[in-house]
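*Asks:* The structure that follows is given in the form of structure tokens.
Bear in mind that the values in this text are calculations on the coordinates, not laboratory data. What you are looking at is a predicted structure, and each value in this text was computed from that prediction instead of being measured. We place every Cβ from the backbone using ideal geometry, glycine too, and count neighbours over all the protein chains shown.
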Amino acid sequence: MKKVVKFGGSSVANAGQFKKVADIIKSDKARRYIVVSAPGKSNPKDEKITDLLYRLYDEITAGKSYKKTMTAIRKKYVSIADDLGLKFNVDYELDKIERDINEGAGRDYAASRGEYLCAHMMSEYLGYDFVDSADMIIFNDDGSVDYDRTYEEIARTLENVKKAVIPGFYGSLHDGSIKTFTRGGSDVTGSLIAKAITADMYENWTDVSGFMVADPRIVKNPKVIETVTYAELRELSYMGASVLHEDAFFPVRKDGIPIHIKNTNDPDAPGTLIVESTCKNSKYMITGIAGKKGFCSVNVDQPMMNSIVGFCMNVLKVFADNGLSIEHMPSGIDTMSVFVHQSEFEDKEQQIISGIHRAVKPETVMVDTGISLIAVVGRGMKSVQGIAGRIFSALAHVGVNIKMIDQGSSELNIIIGVKDSDFETAIRAIYEIFVDAE
């Protein structure tokens, strides 16, 4: 059995965390390929190494003093190396990074060194090989991953490597220069490696015990989702639920490789297993609740709209011509509503409103602002009667007015629109009716 195992920044924040990681790895021989992030915060006042490296780059290239920033970076790595008794030469490596930036190495190079140094130290501590992700993960010039080349290089490089530590977050362009993913991209590194070597499992270790049914900042001590399908998680992630980088799903999903979210600080907790499909029923009728604030709806009214061929298409073309993507589009016989991010719409609102008038000559175009969208997601909702009724009842009980409700054809999710001011109240009410009450 082969497992790819990724540890996030909080899992490698200090020497104590390194020791926890080593214990986890040594407890299962299948954990052969280890992906690490840059060290995160050891405490709330601490700073993430990646943030410090970005600052270092900006200070050096702007000709500002960077001694304080470099000292903070050096202190973090020296502390880990000394506490673990490593021979790794931190001073030599940091001097090289400073020299490279001064000689023109890019911002992505600077940011990537957090993972690079951490992986070197972890490989020495575990006695595993170090393999540089820059030699395996290849980006196109437009910033997208060259998947065919990447899978080929990973498979070739790791073919005869039994155990390896690999830095996350970055790869290289075709010319060899360093290119990073967006923040959180170490999740993607692990996913690409799992796909390329046909791993049996991709474990992602972090500082939480899996995905929660609802945001713990809104619902006190929410339940953990034990098993979730990729389709369910895609819906929840799109609406704001965040434990994994969203691009980490696709490589492993195509091969049916499960992802297991685990807690480095509580390794015995079951965590969340993410799978393509399962016969296991959720403990509750729903799997999870997630949402976002800051939407507005553009409501277009036109009598007999349903009989006008191309009406909706022409309205949507106005949004496309102005570079706006839409979130949802519930409609009726004489009306259609287009939901978009309010912050993106505000600068173009008059062009869009006048454009709709020119395109379809509606009776009215009205804008409703300050709307939150909440997704109630769950494979257990399929073909179950009364789901929407329970939501209506729960929200009415706490005085929340529903401005929109929309259910996808997959029956995996129901989207509800409420006022921004009712967002937290609505999520708590839905959680209570579907989780606490069951």
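*Asks:* Compute the orientation-averaged projected area for the chain from the convex hull of its Cα atoms and round it to one decimal in nm².
*Replies:* 24.3 nm²
*Asks:* Check which residues have an amide H placed less than 5 Å from N204's amide H, if you skip close sequence neighbours.
*Replies:* Excluding prolines and chain starts, which carry no amide H, the hits are K6, H260, I261, K262.
*Asks:* Could you work out the relative contact order of segment 258-354? I mean the mean sequence separation of Cα pairs under 8 Å and 6+ apart, divided by the number of residues, in percent.
*Replies:* Across segment 258-354, relative contact order equals 25 percent.
*Asks:* Stretched out fully, how many nm does the piece from H357 to S42 gain, at 0.36 nm a residue minus the Cα gap?
*Replies:* 107.8 nm
*Asks:* Picking from L86, L395, L233, which is most flexible by a Gaussian network model of the chain using Cα springs under 10 Å?
*Replies:* For the chain, modelled as a Gaussian network with Cα springs under 10 Å, the answer is L86.
*Asks:* Still on this structure, I have one more. Hand me the GluC sites (Glu not before Pro) from segment 135-223 located in a DSSP loop with no more than 13 other Cβ atoms within 10 Å, in residue order please.
*Replies:* Those that pass, being in a loop and sparsely packed, are E159.
*Asks:* Sticking with this one: Report the label-to-label distance for R149 and Q385 in nanometres (one decimal), using points 7 Å from each Cα along the Cα→Cβ vector.
*Replies:* Those two pseudo-labels are separated by 5.8 nm.
*Asks:* Rounded to whole Hz and in sequence order, give me ³J(HN,Hα) for segment 366-371 from the Karplus expression 6.51 cos²θ - 1.76 cosθ + 1.60, θ = phi - 60°, writing x for Gly and Pro.
*Replies:* In residue order, the calculated couplings are 10, 10, 10, 10, x, 10 Hz.
*Asks:* Continuing with this model, one more query. Need one number for segment 63-132: average projected area of the convex hull over its C-alpha atoms, nm².
*Replies:* In nm², the orientation-averaged hull projection of segment 63-132 is 4.9.
*Asks:* What full-extension length gain, to one decimal in nm, is calculated for D436 and N401 as 0.36 nm per residue of separation minus the Cα-Cα distance?
*Replies:* Full extension of this stretch gives 10.4 nm more.
*Asks:* Any chance you could give the angle, 0 to 90 degrees and rounded to 10, that helix 67-84 forms with the longest Cα principal axis of the chain?
*Replies:* 70 degrees
*Asks:* Once segment 87-209 is represented by equal point scatterers at the alpha-carbon sites, with solvent omitted, what log10 I(q)/I(0) does the Debye formula produce at q = 0.10, 0.18, 0.23 Å⁻¹?
*Replies:* With no solvent term, the Cα-only Debye profile gives -0.31, -1.02, -1.48.
*Asks:* Give me D for segment 19-105 in µm² s⁻¹, whole number, from Stokes-Einstein with Rh from the Kirkwood sum over alpha-carbon pairs, 20 °C and 1.002 mPa s.
*Replies:* 144 µm²/s
*Asks:* Would you mind estimating how fast segment 133-178 diffuses translationally, via Stokes-Einstein at 4 °C and 1.567 mPa s with the Kirkwood radius over Cα pairs, in µm²/s?
*Replies:* After rounding, the answer is 119 µm²/s.
*Asks:* Right, here's the next one. In a Gaussian network model over the chain where Cα atoms closer than 10 Å are linked, find which of I261, I193, I415 has the largest mean-square fluctuation.
*Replies:* Comparing I261, I193, I415 in a Gaussian network model of the chain, the most mobile one is I415.
*Asks:* In deg cm²/dmol and to the nearest 500, what is the mean residue ellipticity at 222 nm of the chain if only DSSP H runs of at least 4 residues count, each as -39500 (n - 2.57), divided by the residue total?
*Replies:* Calculated at 222 nm, the ellipticity per residue is -11500 deg cm²/dmol.
*Asks:* Then there's this: Please identify, among S133, S37, S307, the residue showing maximal mean-square fluctuation in a Gaussian network model of the chain using a 10 angstrom Cα cutoff.
*Replies:* Between S133, S37, S307, it is S307 that shows the largest mean-square fluctuation.
*Asks:* Per the Cauchy relation, a quarter of the hull surface: what is the mean projected area of the convex hull of the alpha carbons in segment 183-338, in nm²?
*Replies:* So the Cα hull casts an average projection of 12.8 nm².
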